[in-house]
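What follows is one structure encoded as structure tokens, with my remarks underneath.
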């Protein structure tokens with residue numbers, strides 16, 4: 001069988017991409033694990049951090065933000081970060 005799109009990864013990113021591509025053609029998701037989303041992490045979907053990651057990821061985050069806001073995917077929530085006193089200048093500066 002032929003497919004229009006091949007996605008290698010059944011994690012949250014791969015499945016999300018597959019769902020976005022599905023209206024445009026047939027999608028095949030190739031996953032090595034026994035189940036889809038086996039290694040999905042809560043931080044992947046728990047919060048949107050615009051400045052998280054390397055320079056390329058930060059640019060992708062910034063470019064994605066209007067889409068997430070328009071779709072109602074982002075909501076304001078509180079966040080508490082804990083660190084030792086000697087580490088306070090290492091975070092969120």
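Laboratory data are not the source of any read-out in this text; all were calculated from the coordinates shown. Note that the structure is predicted; figures quoted are calculated from it, not measured. Note: ideal-geometry Cβ built from the backbone for every residue, glycine included; neighbour counts use all protein chains shown.
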- [ ] Bin width 5 Å, alpha-carbon pairs only: give the P(r) of the range 1-41 as whole percents, running from 0 to the bin holding the largest distance.
- [x] 6, 27, 32, 20, 11, 3, 0
- [ ] Evaluate the chain: find the radius of gyration of its Cα atoms, find its Kirkwood radius, and give the ratio Rg to Rh.
- [x] 1.06
- [ ] May I ask for the distance between the Cα centers of the range 1-24 and the range 62-93, given as a whole number of Å?
- [x] 28 Å
Task: Simple spin-label estimate for residue 59 and residue 4 in nanometres, 7 Å along Cα-Cβ - done: 2.9 nm
Open item on the list: If you fit an axis through the alpha-carbon atoms of helix 55-70 and take the longest principal axis of the Cα set of the chain, what angle between them do you get, 0 to 90°, nearest 10?
Closed with: 80 degrees
- [ ] Report the residue, chosen from 36, 56, 12, that carries the largest GNM mean-square fluctuation when the chain is represented by alpha-carbon nodes joined by springs under 10 Å.
- [x] 56
Open item on the list: Just to be sure I understand: with springs between alpha-carbon atoms less than 10 Å apart, which residue in 82, 74, 21 has the highest mean-square fluctuation in the Gaussian network model of the chain?
Closed with: 82
Task: Relative contact order (percent, whole number), the range 1-41, Cα cutoff 8 Å, 6+ residue spacing - done: 49 percent
Open item on the list: Compute the angle between helix 12-21 and the longest alpha-carbon principal axis of the chain, please, reported from 0 to 90 degrees and rounded to the nearest 10.
Closed with: 50 degrees
